[in-house]
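Report on the structure given below.
The values are calculated or read from the model by the stated rules, or taken from the named source; none is laboratory data. In this text the structure is predicted, and so the values were computed from the model without any measurement. Ideal geometry is used to build each Cβ from the backbone, glycine not excepted, and the neighbour counts take in all protein chains shown. For accessibility, only protein heavy atoms count, side chains too; no ligands or nucleic acids. Shrake-Rupley method; radii C 1.70, N 1.55, O 1.52, S 1.80 Å.
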Amino acid sequence: MEKAQNNLAIAKQQLLEDEASVASAESSLLDAKSNVDLQKAEYDRKAILAKPEIVTRNDLYVAKQSYQSAKAQYQVALANLNSAKAKLGSINNNTQVQAAQLALNQAQLNLSYMQVHAPVAGHITNFSLSAGQYVNAGDVLFGMTENKPWRIRADLLEPFLQHIRVGDLVTFRLRMYPQEVYEGVVTDIGYGIDFSSADTGKALPKPIS
């Protein structure tokens, strides 16, 4: 995450430098435009004075060359400005900053995965990790049995289902505590049981053996 934070800071710093480059290129373009106007005015003045031969042809030639050079410098300044703007992109939608921000968000999310919080109270089962063991993302590390409430599934024949409704009170016993009688409530009634041996992707529950 620290690396992602540094990359984001670098991207933002680069954005500031690109903004400064655009501002500098805009200033250079204004200077080049002013120079073009100045050299054009000087060339036009000497062109008028050249007719009565108040200025020499060489002076007129030098003024013309200066004017042409100023126009060329203006085109270079314009190209530099366009290049600086293209590198900057959109200030509010800079791809480098956005990519660095997304990488930071992902790093923060990955860092949050270092802690596992149980959504409910219960007991961890089948836990066999040892210190230093490498774990791949998505690996099942252990199970958890919830303290409350418990959910019990019962397979009943169709003739008996017509007498059962959601919300009915039921009593049941557990094999580990046969002397105890527990109470529960019917929460839902399924619509089918899969008796096939092929894996159907758990579209229907398997009957309890």
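Tabulated results
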| item | result |
| --- | --- |
| Cα centroid separation - region 144-177 against region 93-134, whole Å | 37 Å |
| Spatially proximal lysines relative to residue 206 (Cα-Cα < 26 Å; intrachain offsets below 8 disregarded) | 148 |
| Isotropically averaged projected area of the chain, using the convex hull of Cα atoms (one quarter of hull area), nm² | 26.4 nm² |
| Helix-only [θ]222 nm of the chain, DSSP H runs n ≥ 4, -39500 (n - 2.57) each, per residue, nearest 500 | -17500 deg cm²/dmol |
| Anisotropy class of region 122-209 from Cα gyration tensor, a/c 1.5 cut | oblate |
| Proximal charge balance of residue 32 [Cβ under 11 Å; K/R count +1, D/E count -1] | -1 |
| Cross-link reach list, lysines versus residue 51, counting only Cα pairs under 27 Å and skipping chain neighbours closer than eight places | 40, 64, 71 |
| Solvent-accessible area, 1.4 Å probe, carbon plus sulfur percent, for region 83-209 | 58 percent |
| Radius of gyration and Dmax over the Cα atoms of region 87-131, both given in Å | 19.2, 56 |
